[in-house]
Amino acid sequence: MAILRKLNHILLFLLVLTFCVIWYSNFYKAPTPKEDEDMDPVDEMDEDVIPVVICAPSGRMGGTMAAINSIYRHTNANVLFYIVGLRNTLNHIRKWIEGTQLADINFKIVEFNPMVLKGKIHPGVAFPELLQPLNFVRFYLPLLTMEHEKVIYLDDDIIVLGDIQELYDTKISKGHVAAFSEDCDLPSIQEVVNKVGIQNTYMGFLDYRKKTIQKLGISPSTCSFNPGVFVANMTEWRQQHITKKLEKWMKKNVEENLYSSTVGGGVATPPMLIVFHEKYSPITPYWHIRHLGWSPDEQLLESVLQDAKLLHWNGRYKPWQATSAHKKLWEKWYIPDPTGRFQLHNR
(Lines give C-alpha, C1' and ligand atoms only; values in the text may rest on other atoms or scores of the structure.)
Protein backbone atom coordinates (compact mmCIF):
# COMPACT_ATOMS: atom_id res chain seq x y z
CA MET A 1 0.00 0.00 0.00
CA ALA A 2 2.82 2.41 0.86
CA ILE A 3 4.40 1.80 -2.55
CA LEU A 4 1.05 2.39 -4.25
CA ARG A 5 0.52 5.69 -2.41
CA LYS A 6 4.02 6.79 -3.35
CA LEU A 7 3.32 6.01 -7.03
CA ASN A 8 0.08 7.99 -6.85
CA HIS A 9 1.96 10.99 -5.43
CA ILE A 10 4.55 10.78 -8.21
CA LEU A 11 1.84 10.59 -10.89
CA LEU A 12 0.02 13.58 -9.37
CA PHE A 13 3.26 15.60 -9.32
CA LEU A 14 3.95 14.77 -12.98
CA LEU A 15 0.40 15.76 -13.93
CA VAL A 16 0.72 19.16 -12.21
CA LEU A 17 4.15 19.72 -13.75
CA THR A 18 2.79 18.92 -17.24
CA PHE A 19 -0.06 21.41 -16.75
CA CYS A 20 2.37 24.18 -15.72
CA VAL A 21 4.61 23.54 -18.73
CA ILE A 22 1.63 23.66 -21.10
CA TRP A 23 0.33 26.92 -19.56
CA TYR A 24 3.71 28.59 -19.79
CA SER A 25 4.36 27.47 -23.36
CA ASN A 26 0.96 28.84 -24.41
CA PHE A 27 1.83 32.22 -22.94
CA TYR A 28 5.46 32.69 -23.92
CA LYS A 29 6.71 31.56 -27.28
CA ALA A 30 10.48 31.42 -27.34
CA PRO A 31 12.28 32.48 -30.52
CA THR A 32 12.43 29.86 -33.23
CA PRO A 33 15.83 28.56 -34.39
CA LYS A 34 15.51 30.90 -37.39
CA GLU A 35 15.24 33.87 -35.02
CA ASP A 36 18.40 32.82 -33.23
CA GLU A 37 20.22 32.61 -36.55
CA ASP A 38 19.05 36.10 -37.53
CA MET A 39 20.26 37.72 -34.34
CA ASP A 40 23.80 38.83 -33.71
CA PRO A 41 25.36 36.84 -30.86
CA VAL A 42 24.15 38.43 -27.63
CA ASP A 43 24.95 37.35 -24.09
CA GLU A 44 21.54 37.92 -22.54
CA MET A 45 23.01 37.86 -19.05
CA ASP A 46 25.49 40.57 -20.04
CA GLU A 47 24.85 43.75 -18.07
CA ASP A 48 25.59 45.77 -21.20
CA VAL A 49 22.45 44.53 -22.95
CA ILE A 50 19.53 46.99 -22.88
CA PRO A 51 16.24 45.06 -23.24
CA VAL A 52 13.44 47.12 -24.80
CA VAL A 53 9.90 45.70 -24.91
CA ILE A 54 7.59 47.15 -27.56
CA CYS A 55 4.35 45.82 -29.04
CA ALA A 56 3.45 45.54 -32.71
CA PRO A 57 -0.35 45.57 -33.22
CA SER A 58 -1.36 44.99 -36.84
CA GLY A 59 -2.98 48.40 -37.38
CA ARG A 60 -0.16 50.28 -35.63
CA MET A 61 2.88 48.33 -36.78
CA GLY A 62 4.27 51.29 -38.69
CA GLY A 63 4.53 53.12 -35.38
CA THR A 64 6.46 50.21 -33.87
CA MET A 65 8.98 50.15 -36.71
CA ALA A 66 9.47 53.92 -36.61
CA ALA A 67 10.08 53.75 -32.86
CA ILE A 68 12.61 50.92 -33.23
CA ASN A 69 14.38 52.76 -36.04
CA SER A 70 14.65 55.97 -34.00
CA ILE A 71 16.14 54.07 -31.04
CA TYR A 72 18.61 52.14 -33.18
CA ARG A 73 19.85 55.25 -35.05
CA HIS A 74 20.48 57.27 -31.89
CA THR A 75 22.60 54.86 -29.87
CA ASN A 76 25.70 52.68 -29.91
CA ALA A 77 24.34 50.67 -27.00
CA ASN A 78 23.68 46.94 -27.30
CA VAL A 79 19.89 47.06 -27.52
CA LEU A 80 17.85 43.85 -27.60
CA PHE A 81 14.31 44.47 -28.85
CA TYR A 82 11.52 42.23 -27.59
CA ILE A 83 8.83 42.78 -30.24
CA VAL A 84 5.50 41.42 -29.01
CA GLY A 85 2.65 40.50 -31.31
CA LEU A 86 -0.34 38.23 -31.70
CA ARG A 87 0.02 34.97 -33.61
CA ASN A 88 -1.43 36.28 -36.88
CA THR A 89 1.08 39.16 -37.04
CA LEU A 90 4.38 37.42 -36.31
CA ASN A 91 5.33 36.73 -39.93
CA HIS A 92 4.48 40.30 -40.90
CA ILE A 93 6.75 41.64 -38.15
CA ARG A 94 9.63 39.46 -39.32
CA LYS A 95 9.24 40.40 -42.99
CA TRP A 96 9.17 44.11 -42.15
CA ILE A 97 12.41 43.84 -40.19
CA GLU A 98 14.26 41.49 -42.52
CA GLY A 99 13.21 43.36 -45.65
CA THR A 100 14.43 46.81 -44.54
CA GLN A 101 17.38 48.59 -42.94
CA LEU A 102 16.23 47.17 -39.59
CA ALA A 103 17.71 43.80 -40.54
CA ASP A 104 20.80 44.54 -38.43
CA ILE A 105 18.99 45.02 -35.10
CA ASN A 106 19.11 42.44 -32.32
CA PHE A 107 15.58 41.24 -31.69
CA LYS A 108 13.25 38.53 -30.49
CA ILE A 109 9.69 38.19 -31.68
CA VAL A 110 7.41 37.12 -28.85
CA GLU A 111 3.85 35.84 -29.19
CA PHE A 112 1.37 37.12 -26.62
CA ASN A 113 -1.52 34.80 -25.78
CA PRO A 114 -4.65 36.90 -25.13
CA MET A 115 -6.20 34.01 -23.19
CA VAL A 116 -4.36 35.24 -20.07
CA LEU A 117 -6.79 38.20 -20.09
CA LYS A 118 -9.95 36.09 -20.01
CA GLY A 119 -12.35 37.44 -17.39
CA LYS A 120 -10.11 40.41 -16.59
CA ILE A 121 -11.29 43.07 -19.07
CA HIS A 122 -14.43 45.15 -18.69
CA PRO A 123 -16.03 45.83 -22.11
CA GLY A 124 -17.56 49.21 -21.20
CA VAL A 125 -14.91 51.75 -22.23
CA ALA A 126 -15.08 55.00 -24.15
CA PHE A 127 -12.47 53.85 -26.69
CA PRO A 128 -12.75 50.14 -27.60
CA GLU A 129 -9.26 50.17 -29.15
CA LEU A 130 -7.89 50.33 -25.60
CA LEU A 131 -9.15 46.78 -25.09
CA GLN A 132 -6.83 45.27 -27.69
CA PRO A 133 -4.78 42.54 -25.93
CA LEU A 134 -1.31 43.98 -26.55
CA ASN A 135 -2.30 46.99 -24.43
CA PHE A 136 -1.77 44.71 -21.42
CA VAL A 137 1.62 43.25 -22.32
CA ARG A 138 3.23 45.69 -19.87
CA PHE A 139 1.53 43.80 -17.00
CA TYR A 140 3.48 40.63 -17.81
CA LEU A 141 7.06 41.82 -18.30
CA PRO A 142 8.73 39.25 -16.02
CA LEU A 143 7.28 36.42 -18.12
CA LEU A 144 8.51 37.99 -21.36
CA THR A 145 12.04 38.98 -20.30
CA MET A 146 13.07 36.41 -17.71
CA GLU A 147 16.83 36.88 -18.21
CA HIS A 148 17.03 40.57 -17.34
CA GLU A 149 17.26 42.56 -14.14
CA LYS A 150 16.13 45.83 -15.69
CA VAL A 151 13.81 46.42 -18.66
CA ILE A 152 12.50 49.38 -20.67
CA TYR A 153 8.88 49.29 -21.83
CA LEU A 154 7.76 51.63 -24.64
CA ASP A 155 4.43 52.24 -26.35
CA ASP A 156 4.38 51.98 -30.16
CA ASP A 157 3.49 55.68 -30.71
CA ILE A 158 6.83 57.13 -29.62
CA ILE A 159 10.00 58.43 -31.26
CA VAL A 160 13.34 58.46 -29.43
CA LEU A 161 15.65 61.39 -30.15
CA GLY A 162 18.27 60.70 -27.48
CA ASP A 163 20.56 57.83 -26.54
CA ILE A 164 18.40 55.06 -25.03
CA GLN A 165 21.30 54.32 -22.66
CA GLU A 166 20.35 57.48 -20.74
CA LEU A 167 16.80 56.24 -20.18
CA TYR A 168 18.07 52.81 -19.16
CA ASP A 169 20.37 54.44 -16.60
CA THR A 170 17.40 56.07 -14.84
CA LYS A 171 17.84 55.57 -11.10
CA ILE A 172 15.16 53.46 -9.46
CA SER A 173 15.17 54.01 -5.71
CA LYS A 174 15.44 51.11 -3.30
CA GLY A 175 12.05 49.46 -2.78
CA HIS A 176 10.59 51.05 -5.90
CA VAL A 177 9.49 48.84 -8.78
CA ALA A 178 9.78 51.21 -11.72
CA ALA A 179 10.35 54.76 -12.97
CA PHE A 180 7.58 56.75 -14.68
CA SER A 181 6.98 60.33 -15.81
CA GLU A 182 4.53 62.19 -13.61
CA ASP A 183 1.82 64.09 -15.46
CA CYS A 184 2.63 67.33 -13.60
CA ASP A 185 6.38 67.23 -14.17
CA LEU A 186 6.81 69.49 -17.21
CA PRO A 187 5.56 73.08 -16.83
CA SER A 188 6.41 73.89 -20.45
CA ILE A 189 3.54 71.73 -21.77
CA GLN A 190 0.98 72.57 -19.08
CA GLU A 191 -0.63 75.13 -21.39
CA VAL A 192 -1.51 72.35 -23.83
CA VAL A 193 -2.68 70.15 -20.94
CA ASN A 194 -5.03 72.84 -19.66
CA LYS A 195 -6.33 73.87 -23.11
CA VAL A 196 -7.12 70.36 -24.31
CA GLY A 197 -8.41 69.09 -20.96
CA ILE A 198 -5.90 66.30 -20.40
CA GLN A 199 -6.29 64.39 -17.14
CA ASN A 200 -3.29 64.61 -14.82
CA THR A 201 -4.64 63.45 -11.45
CA TYR A 202 -6.05 60.20 -10.07
CA MET A 203 -9.52 61.76 -10.20
CA GLY A 204 -9.39 61.53 -13.99
CA PHE A 205 -8.84 57.76 -13.96
CA LEU A 206 -10.54 56.29 -10.88
CA ASP A 207 -14.20 56.49 -9.90
CA TYR A 208 -14.08 58.02 -6.42
CA ARG A 209 -17.80 57.39 -5.95
CA LYS A 210 -16.95 53.72 -5.39
CA LYS A 211 -16.13 52.61 -1.83
CA THR A 212 -13.38 50.29 -3.08
CA ILE A 213 -11.53 53.31 -4.49
CA GLN A 214 -12.20 55.45 -1.41
CA LYS A 215 -10.72 52.73 0.82
CA LEU A 216 -7.40 53.04 -0.99
CA GLY A 217 -6.80 56.30 0.86
CA ILE A 218 -5.25 57.95 -2.22
CA SER A 219 -6.14 61.61 -2.63
CA PRO A 220 -8.01 62.28 -5.91
CA SER A 221 -5.72 65.27 -6.49
CA THR A 222 -2.62 63.04 -6.52
CA CYS A 223 -0.62 63.56 -9.70
CA SER A 224 -0.99 60.64 -12.09
CA PHE A 225 1.77 59.15 -14.24
CA ASN A 226 1.92 57.87 -17.80
CA PRO A 227 2.69 54.12 -18.20
CA GLY A 228 3.53 54.35 -21.91
CA VAL A 229 7.22 54.77 -21.12
CA PHE A 230 8.88 53.25 -18.09
CA VAL A 231 11.94 51.48 -16.76
CA ALA A 232 11.31 48.53 -14.44
CA ASN A 233 13.29 46.55 -11.89
CA MET A 234 12.30 42.93 -12.54
CA THR A 235 13.55 41.67 -9.16
CA GLU A 236 11.34 44.10 -7.25
CA TRP A 237 8.48 43.37 -9.66
CA ARG A 238 8.62 39.67 -8.84
CA GLN A 239 9.20 40.10 -5.11
CA GLN A 240 6.28 42.50 -4.80
CA HIS A 241 4.02 40.27 -6.95
CA ILE A 242 3.12 43.17 -9.23
CA THR A 243 1.53 41.09 -12.00
CA LYS A 244 -0.83 39.36 -9.55
CA LYS A 245 -1.80 42.71 -8.05
CA LEU A 246 -2.51 44.20 -11.47
CA GLU A 247 -4.66 41.20 -12.38
CA LYS A 248 -6.50 41.58 -9.06
CA TRP A 249 -7.51 45.15 -9.92
CA MET A 250 -8.50 44.15 -13.45
CA LYS A 251 -10.88 41.54 -11.99
CA LYS A 252 -12.22 44.04 -9.44
CA ASN A 253 -13.02 46.44 -12.25
CA VAL A 254 -14.95 43.75 -14.11
CA GLU A 255 -16.99 43.17 -10.94
CA GLU A 256 -17.44 46.80 -9.79
CA ASN A 257 -16.69 49.05 -12.80
CA LEU A 258 -14.10 51.03 -10.87
CA TYR A 259 -12.54 52.96 -13.72
CA SER A 260 -13.49 51.95 -17.27
CA SER A 261 -16.32 54.48 -17.62
CA THR A 262 -14.56 57.41 -15.95
CA VAL A 263 -13.28 60.51 -17.70
CA GLY A 264 -9.81 59.14 -18.38
CA GLY A 265 -11.26 56.33 -20.48
CA GLY A 266 -8.21 54.24 -19.68
CA VAL A 267 -8.01 50.51 -19.15
CA ALA A 268 -4.32 49.72 -18.57
CA THR A 269 -3.49 52.96 -16.74
CA PRO A 270 -5.86 52.82 -13.71
CA PRO A 271 -4.64 49.49 -12.25
CA MET A 272 -1.06 50.67 -12.65
CA LEU A 273 -1.87 53.93 -10.86
CA ILE A 274 -3.20 51.89 -7.95
CA VAL A 275 -0.53 49.19 -7.78
CA PHE A 276 2.48 51.49 -8.34
CA HIS A 277 1.28 54.24 -5.99
CA GLU A 278 4.33 55.38 -3.98
CA LYS A 279 6.37 52.57 -5.53
CA TYR A 280 7.96 54.43 -8.43
CA SER A 281 10.78 56.86 -9.13
CA PRO A 282 10.74 59.78 -11.61
CA ILE A 283 11.98 59.79 -15.18
CA THR A 284 13.77 62.92 -16.37
CA PRO A 285 10.94 65.02 -17.91
CA TYR A 286 12.53 65.44 -21.33
CA TRP A 287 12.69 61.67 -21.66
CA HIS A 288 8.92 61.60 -22.01
CA ILE A 289 7.41 64.58 -23.81
CA ARG A 290 3.84 63.46 -24.37
CA HIS A 291 0.30 64.49 -25.35
CA LEU A 292 1.26 65.00 -29.01
CA GLY A 293 -1.76 62.90 -30.00
CA TRP A 294 -4.42 64.71 -27.99
CA SER A 295 -5.14 67.37 -30.58
CA PRO A 296 -4.32 67.61 -34.30
CA ASP A 297 -3.91 71.37 -33.99
CA GLU A 298 -2.01 72.05 -30.75
CA GLN A 299 1.71 72.39 -31.42
CA LEU A 300 4.40 72.13 -28.75
CA LEU A 301 6.88 74.98 -28.44
CA GLU A 302 9.95 74.63 -30.65
CA SER A 303 12.17 74.95 -27.57
CA VAL A 304 10.46 71.91 -26.01
CA LEU A 305 10.90 69.85 -29.18
CA GLN A 306 14.58 70.77 -29.43
CA ASP A 307 15.29 69.54 -25.89
CA ALA A 308 13.10 66.43 -26.12
CA LYS A 309 14.74 63.01 -25.87
CA LEU A 310 11.49 61.09 -26.43
CA LEU A 311 8.20 62.17 -28.03
CA HIS A 312 4.93 60.37 -27.33
CA TRP A 313 1.79 60.69 -29.46
CA ASN A 314 -0.51 59.40 -26.71
CA GLY A 315 -4.10 60.28 -27.53
CA ARG A 316 -6.43 59.67 -30.47
CA TYR A 317 -4.44 61.40 -33.25
CA LYS A 318 -1.55 59.16 -34.29
CA PRO A 319 1.20 60.35 -36.67
CA TRP A 320 0.50 57.57 -39.19
CA GLN A 321 -3.07 58.82 -39.56
CA ALA A 322 -4.25 61.65 -41.80
CA THR A 323 -4.51 64.26 -39.05
CA SER A 324 -1.80 64.59 -36.42
CA ALA A 325 0.40 67.21 -34.79
CA HIS A 326 4.11 67.14 -35.65
CA LYS A 327 3.50 64.46 -38.28
CA LYS A 328 6.56 65.39 -40.36
CA LEU A 329 8.84 64.95 -37.37
CA TRP A 330 7.62 61.37 -36.93
CA GLU A 331 7.81 60.55 -40.65
CA LYS A 332 11.60 61.06 -40.62
CA TRP A 333 11.87 57.71 -38.82
CA TYR A 334 9.12 55.79 -40.56
CA ILE A 335 10.19 52.80 -42.68
CA PRO A 336 7.71 51.76 -45.42
CA ASP A 337 6.27 48.27 -45.14
CA PRO A 338 7.99 46.04 -47.73
CA THR A 339 4.85 43.86 -47.91
CA GLY A 340 2.65 46.89 -48.68
CA ARG A 341 0.05 45.93 -46.09
CA PHE A 342 0.58 48.96 -43.84
CA GLN A 343 0.02 52.33 -45.50
CA LEU A 344 0.30 55.87 -44.14
CA HIS A 345 -2.92 57.87 -44.24
CA ASN A 346 -1.90 61.20 -45.70
CA ARG A 347 -4.12 64.24 -46.15
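Once the piece of chain linking residue 254 and residue 278 is laid out straight, how much longer is it, given 0.36 nm per residue of separation minus the C-alpha distance between them?
Here the answer is 6.2 nm.
Under 11 Å from the 7 Å Cα→Cβ point of residue 341, by amide nitrogen: which residues of segment 96-113?
Within reach of a label on residue 341, which here means backbone N under 11 Å from a point 7 Å along Cα→Cβ, segment 96-113 contributes 96.
What's the whole-number percent of alpha carbon pairs in segment 224-310 lying beyond 18 angstrom? Display every interim value, and only then the final one.
Numbers: 2107 of 3741 pairs.
The answer is 56 percent, as a whole percent.
Quote the FRET efficiency, to the nearest 0.05, computed for residue 241 versus residue 303 with a Förster distance R0 of 45 Å and r equal to the Cβ-Cβ distance.
0.55
Taking a 1.4 Å probe, which of 115, 250 shows the most accessible area, and what order do the others take after it?
115, 250
When the accessible area of segment 47-183 is computed with all protein chains present and a 1.4 Å probe, what percentage of it is carbon and sulfur? Working shown, then result.
Working: 2390 of 4880 Å².
Carbon-and-sulfur percentage of accessible area, whole number: 49.
Around residue 120, what is the net charge, scoring Lys/Arg as +1 and Asp/Glu as -1 over all other residues with Cβ under 13 Å from its Cβ?
In short, +4.
I'd like the distance separating the alpha-carbon centroids of segment 152-184 and segment 227-255, in whole Å.
Going from one Cα centre to the other spans 17 Å.
Using a 1.4 angstrom probe and counting only protein chains, how large is the accessible area of residue 168 in Å², to 10?
Taking all protein chains as shown, residue 168 has close to 30 Å².
Assuming 0.692 mPa s and 37 °C, estimate D for segment 192-347 with Stokes-Einstein, Rh taken as the Kirkwood radius over Cα pairs, in µm²/s.
Numbers: Rh = 17.7 Å.
Estimated diffusion coefficient is 185 µm²/s.
Taking the Cα-to-Cβ direction at residue 73 and at residue 332 and moving 7 Å from each Cα, how far apart do the two end points lie in nm?
So the label points at residue 73 and residue 332 sit 0.8 nm apart.
If the cut-off is 18 Å between C-alpha atoms, which lysines fall inside it for residue 328, apart from same-chain ones fewer than 8 positions away?
In chain and number order, the partners are 309, 318.
From the residues 292, 224, 275, which one has its Cα farthest along the dipole of segment 221-347 in the positive direction, the dipole being from +1 and -1 charges on Cβ of Lys/Arg and Asp/Glu about the Cα centre?
Farthest towards the positive pole: 275.
Using unit Cβ charges (K, R positive; D, E negative) and no other charged atoms, how large, in debye to the nearest 20, is the dipole of segment 262-347 about its Cα centre? Please report the intermediate quantities before stating the final value.
Values: 10 positive and 7 negative charges, 52 e Å.
Here segment 262-347 has a charge dipole of around 240 debye.
Roughly what would the spin-label model give for residue 163 and residue 149, points 7 Å off Cα along C-beta, in nm?
It works out to 2.1 nm between the two label points.
Given axes a ≥ b ≥ c from the Cα gyration tensor, I'd like to know whether segment 262-327 is rounded (a/c under 1.5), prolate (a/b larger than b/c) or oblate.
Verdict is oblate for segment 262-327.
The values are calculated or read from the model by the stated rules, or taken from the named source; none is laboratory data. This one's a predicted model, so the numbers in the text were calculated from it and none came from an experiment. Methodologically, a virtual Cβ is constructed for each residue, glycine included, from the backbone with ideal geometry; neighbour enumeration extends over all protein chains shown. Just the protein is used for accessible areas: all its heavy atoms, side chains included, with ligands, DNA and RNA removed. Shrake-Rupley method; radii C 1.70, N 1.55, O 1.52, S 1.80 Å.
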